[in-house]
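These notes are about the structure you will find just below.
The values are calculated or read from the model by the stated rules, or taken from the named source; none is laboratory data. Owing to the predicted nature of the structure, the values given are computational and were not obtained by experimental measurement. Glycine gets a Cβ as well: all are built from the backbone with ideal geometry, and neighbour counts include every protein chain shown.
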């Protein structure tokens with residue numbers, strides 16, 4: 001999804017909930033080194049599970065095997081080394097990396113349904129936005145705490161981590177008074193303490 005579409009979608013979420021006197025909170029996160037850490041074997045399994053044409057699967061399986069790279073640093077040049085992870089952001093595999101991430105979000109949505117946590121998700125390939133709506137900011141923070149815990153552990157199982165420095169929380173309320181939302185403390189589950197941002 002493009003940034004423009006995401007902003008329109010988020011604005012719709014916020015305004016539709018303001019009509020119901022609900023506040024909206026969001027947790028923005030980024031997956032560290034996403035494109036560099038895509039596991040080729042898992043990507044092939046996901047393509048197979050997506051039931052794409054068998055010729056497509058064979059093509060990408062062949063494309064992903066026996067890959068090599070070398071590193072350059074000033075005048076130093078490393079020998080070639082085998083790599084079985086990672087894709088370049090400019091390759092056609094960029095679209096397939098969305099399939100890779102969709103498997104993670106599919107599992108996430110199932111867990112959220114079981115836990116009955118009402119969260120909406122907007123994804124931009126290697127980063128995403130969780131949206132929670134309620135009258136109580138403390139309840140919203142509790143939802144965001146739970147979702148952060150679930151996504152962090154899910155990403156870890158897939159070989160990824162959340163980039164803590166880029167994790168941000170925003171609260172949108174229609175209150176016509178001074179609004180000082182509480183911090184979102186994610187330290188009990190290995191995350192940062194997030195001070196809500198003033199502007200999106």
Exposed (fewer than 15 other Cβ atoms within 10 Å of the Cβ), assigned to a helix (DSSP H, G or I) and at negative phi: which single residue out of 138, 152 fits that description?
138
Filter result for residue 124 (at pLDDT 90 or above, buried (at least 16 other Cβ atoms within 10 Å of the Cβ) and either under 30 Å from residue 23 (Cβ atoms) or in the same structural domain as residue 13 (by TED's automatic domain parsing) (or both))
no
Qualifying residues in segment 183-192 (those that are in contact with a helix residue (DSSP H, G or I) (Cβ under 6 Å, 6 or more places away or on another chain) and outside any loop (DSSP other than H, G, I, E, B)) - the one modelled with the highest pLDDT
184
Output for segment 164-177, where each listed residue is part of a loop (DSSP other than H, G, I, E, B) and closer than 16 Å to residue 193 by Cβ
167
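Residues checked against (1) closer than 16 Å to residue 29 by Cβ; (2) touching a residue at least 60 places away in the same chain (Cβ under 8 Å):
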residue: 120; (1), (2): yes, yes
residue: 129; (1), (2): yes, yes
residue: 137; (1), (2): no, yes
residue: 146; (1), (2): yes, no
residue: 170; (1), (2): yes, yes
residue: 186; (1), (2): yes, no
Report yes if some residue within segment 167-182 is at pLDDT 85 or above, in contact with a strand residue (DSSP E or B) (Cβ under 8 Å, 6 or more places away or on another chain) and surrounded by fewer than 17 Cβ atoms within 10 Å (Cβ to Cβ); otherwise report no.
no
